[in-house]
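Only one structure is covered here, and it is reproduced in the block below.
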Amino acid sequence: MAKILEQPEVDPGPGNGFVSEEARRAAEQLRAVKERQKQALELQRENILSQRTSNPARRSALEAALNQIESQIQAMN
């Protein structure tokens, strides 16, 4: 017996508006993975910004790490 709410599995070509349940789940999973990665990078960024040091070498390393994390966040957007 066919489910009433189930959308038919159709090739997601341009303009037809139907996407299979499997494709929808895969897209949602990919979105969730990217969101978790972005959240992890933002937490690392906050951690770096919260650290204070008078050691010039340590400060330089923190700035380099911050620049790298910010570039990764920018690349995700």
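Every number in this text was worked out from the coordinates using simple rules, so none of it is lab data. Given the structure is predicted, the values throughout are model-derived calculations rather than measurements.
Each residue of the stretch 59-67 is assigned a 3J(HN,Hα), and the resulting list reads 4, 5, 5, 5, 5, 5, 5, 4, 4 Hz, derived from the Karplus form 6.51 cos²θ - 1.76 cosθ + 1.60 (θ = phi - 60°), x at Gly and Pro. Dimensions of the stretch 21-65 along the principal axes, based on C-alpha atoms and rounded to the nearest Å, stand at 55, 15, 7, largest first.
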